[in-house]
Amino acid sequence: MKITTAITLSAATILSSHESTAFTAPRAHQLIASSKGFSTLRSTLVDETDTINKQQLTEEQTQENYITETVANTQKSFQDDGFVFGLEGSGLERVKGRGANVVVEGDSLETTPQQVAMVSGTFAGQAFFAANAIHELYTHTNGNAPVTALISLATIVSSWVAADLGSGILHWSVDNYGNGRTPVMGNIIAAFQGHHSAPWTITYRGFCNNVWKLCIPFGLPTVAAISFVAGPENPMVSLFFSFFCFSEIMSQELHKWSHMTKKETPAIVNTLQGLGITIGRVPHAQHHMAPYDGNYCIVSGVCNEALDNSGFFRWMEHRIYEINGVESNSMKLDPELKAKTLRGEYRLTQ
């Protein structure tokens, strides 16, 4: 009995031992081996797939980062050089239709109390200097009202014509030179150049929102300084520049009217445009034709023909280029115009 029990225990131990595989049927052994091999192959494929996915993800991320950095490096803001008219490479996009596009950072189409205060204060101050000048002139003429009125009217008319010339020179300069970082005039430069990307934007602006920027160079400090230098013995100088600065500020509103239809403007505006007292729609539309090289005057436009036919602005651009090598934006946009300018062919042909 004890011998039988011992034999049974020994057999059980052998069967349960690691060497029991020797007693496993050949087919079962093959299945076990195949199962282990499949598990190993599956694990290898999963690892390789994960590696490929990670590599693809890394490549996609790298490409995306490259594109993002490239776009960030090539796009221009309103403060950069080359911010030209919303054309290719300017960082701006043209708005289709009569849409609005505010291009100056921090700018808005909403009229603020600060803008109203600045414009109101500027116009009130200019009116004071003009009235004081007329009073001084009245004193100088020994109280002769007709003479005072005639001289005052002549001074105002000449100032209006000079303001048209001044608006053309200003418009030409800010359209062609500088950028948003230019001291004092930076915002004006960016606004004028960006205006070409969406000309209709100006029509969405209220009066004070539209003209307040020009109160900076043509505001009270300018008029006060000129009047002080001229002195009370030269009242016509004070009157001339009071009205001149007022007209330069108003030029932006006259400019806005030229972008509006007859139905959108008051009857008096249509009358003024028809008489040529303020810049008309058709003359100003000629300015908005690439490369934007003429018809810069925007008060009445009376000086445009003489300036363009004489080649005044091309002559100026040539002189500037000779001095510092800086090209006007018009020259950058039109190589043929640049070549003609450098050959001394200044006259603008329509």
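The values are calculated or read from the model by the stated rules, or taken from the named source; none is laboratory data. All figures in this text were calculated on a predicted structure; none of them were measured in a lab. Positions of Cβ are generated from backbone atoms using ideal geometry, with glycine treated the same way; all protein chains shown enter the neighbour counts. Accessible surface is based on the protein model in full, side chains and every heavy atom, while ligands, DNA and RNA are left aside. Shrake-Rupley method; radii C 1.70, N 1.55, O 1.52, S 1.80 Å.
Brief remarks follow.
- Its alpha carbons considered, the stretch 302-350 gives a radius of gyration followed by a Dmax of 10.4, 31 Å.
- Ordered by solvent-accessible area of protein heavy atoms (1.4 Å probe), largest first, the residues 226, 249 come out as 226, 249.
- Solvent-accessible surface (1.4 angstrom probe) belonging to residue 123, in square angstrom, nearest 10: 50 Å²
- Between residue 323 and residue 184, the C-beta separation translates, for a Förster distance of 25 Å, into a calculated FRET efficiency of about 0.75.
- Across all Cα atoms of the stretch 220-305, the radius of gyration (one decimal) and Dmax (whole number) stand at 15.9, 48 Å.
- Probe 1.4 Å - accessible area at residue 204, Å² to nearest ten: 120 Å²
- Rounded to whole numbers, the Karplus 3J(HN,Hα) couplings from phi for the stretch 186-199 are x, 5, 5, 4, 4, 5, 5, 5, x, 4, 6, 7, 8, x Hz, using 6.51 cos²θ - 1.76 cosθ + 1.60 with θ = phi - 60°, and x at Gly and Pro.
- Spin-label zone in the stretch 297-330 - amide nitrogen under 19 Å from a point set 7 Å from the Cα of residue 286 along the C-beta vector: 297-315, 330
- Based on the Stokes-Einstein relation at 37 °C and a viscosity of 0.692 mPa s, and on the Kirkwood radius from alpha carbon pairs, the stretch 167-275 is assigned a translational diffusion coefficient of 212 µm²/s.
- Heavy-atom accessible area order for 281, 314, largest first, 1.4 Å probe: 281, 314
- Shape category assigned to the stretch 256-350 from the gyration tensor of Cα positions, a/c cut at 1.5: prolate
- Accessible area of residue 305 in the full protein assembly, 1.4 Å probe (Å², nearest 10): 130 Å²
- Cα-based Rg of the stretch 115-169 normalised by 2.2 N^0.38 Å, two decimals: 1.38
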